[in-house]
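Below is one structure, written out as structure tokens; comments come after it.
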Amino acid sequence: MNTKIFLKKDLTDENLKNIVALLEKSKVIAFPTETVYGLGAHMFKEEAIKKIFSLKKRNKNKPLIVHISKIEDVKKVANEIPGDFYKLAKKFFPGPLTIILKKKDNISSLISSDSTIAVRMPDNPFTLKLIECLKSPIIGTSANRSNEESSISANNVLSIFSNKIAAIIDTGISKIKIPSTIISLVERPYKILRYGSISKDEIDQVLKKNYWKQINFSVS
């Protein structure tokens, strides 16, 4: 397999459709976000989702993240969505925040092996447009081997996954360079699962309350 590189100047409507076609054929791609680069697959293509786990050498019990392009798309994957989700999404989406919610029954156990689902909206216009063109969320995780340093550029991704994935969307070096903050709204007290560039204080300012429990968690 020859990995196709799409530079920012190449990301025409026609080429976005070509990338959509790859995802619809159960191919894995690498896509840019404001935090780090991700490995991505169509949400309903289990063959591709399995390949992500294989490429990363990732424990299959570790969840993947659903990447959406519109806040209302959360209803495609989550149930019993609390009002606090919409408060946080209004403030931080698109941006470096991942929110854990209760999962819909039709979501593959490959994406999440328990009753929850992780959702985020990446702050990259090309990735958001790709998700819109696909008309489905993209399942993703950082484009690195598990427990190794995250990729912040297309060259990082290429050095690991050259000729192992179908395409890489290259829009330059990621702005933030660290993974997203992860919070769980599944039950109270809310839990901070991983710290990124968005702090507890920033979240508290939005929620106007302190429902947080801090624990250690890894989704690398």
Residue within region 149-171 that is at pLDDT 90 or above, more than 18 Å from the chain's Cα centre (by Cα) and on the phi > 0 side of the Ramachandran plot present: yes
Among the candidates ILE81, ILE5, ILE68, residue that is under 13 Å from the mean Cα position of the chain (by Cα) and not basic (Lys, Arg): ILE68
Qualifying positions in region 125-137 - buried (at least 21 other Cβ atoms within 10 Å of the Cβ) and either closer than 28 Å to TYR190 by Cα or of a type in the set (Gly, Ala, Ser) (or both): PRO137
Members of region 21-52 that are open to solvent by less than 10 Å² (accessible area, probe 1.4 Å), in a helix (DSSP H, G or I) and over 21 Å from ILE178 (Cα atoms): LEU23, ALA48, ILE49
Residue match in region 7-19 (condition: farther than 15 Å from THR141 by Cα, assigned to a strand (DSSP E or B) and either open to solvent by 10 Å² or more (accessible area, probe 1.4 Å) or among the hydroxyl-bearing types (Ser, Thr, Tyr) (or both)): yes
Options ASP123, ASP105: the member that is assigned to a loop (DSSP other than H, G, I, E, B) and within 20 Å of ILE178 (Cα to Cα): ASP123
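The values are calculated or read from the model by the stated rules, or taken from the named source; none is laboratory data. Remember, it's a predicted structure, so these values are computed and weren't measured experimentally. Here the Cβ is made from the backbone with ideal geometry for all residues, glycine too, and neighbour counts use every protein chain on show. These accessible areas exclude ligands, DNA and RNA; they are computed on the full protein's heavy atoms, side chains included. Shrake-Rupley method; radii C 1.70, N 1.55, O 1.52, S 1.80 Å.
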